[in-house]
Amino acid sequence: MTKPVSSRVCRSIGEASELLKLIANANRLAIVCYLMETEASVSVLEEELGIRQPTLSQQLAELRAAGIIGGRRDGKAIVYRVSDQRVETIVYTLRDMFSGLDDVTGRFGMAKLPVDEVMFD
């Protein structure tokens, strides 16, 4: 259980902490990194990231509920994109710190990310 944040601490610390928790999951981070490069449907994300559909749907639902990603209907499919600029700023910072986060789609020769299928946090 998390202790309450003191009123003397920045008012946005709780919000920042929740945002960081959302993208701290390897599957969700991979999804966000991919969607920063291109819009994609569930089937494309499943194939490209190697995340099984039930896990992928769960992670997409969490990202949607938090307002990090949004979607639009394209025929029968929903096409997702990143809709929160704060997450993009965080990922750009991570890309400066860690090589390989800048080419999740593989357009620049990077292999698929090793994503843990059993992460459900």
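Where a number appears in this text, it was derived from the coordinates with a stated rule and is not lab data. Keep in mind the model is a prediction, meaning the values are calculated, not measured. Cβ sites come from the backbone with ideal geometry, for glycine too, and all protein chains shown count toward neighbours.
Computed from label points 7 Å out along Cα-Cβ, the spacing between K21 and Q53 is 3.1 nm.
Excluding E15 itself, calculate the net charge of residues whose Cβ lies under 15 Å from the Cβ of E15, where each Lys or Arg counts +1 and each Asp or Glu counts -1. Neighbour charge sum, excluding E15 itself: +1. Between E37 and R81, the distance separating the two model label sites (each 7 Å from Cα on the Cα→Cβ line) works out to 1.8 nm. The label point for A66 and the one for V44, both projected 7 Å from the Cα toward the Cβ, are 2.2 nm apart.
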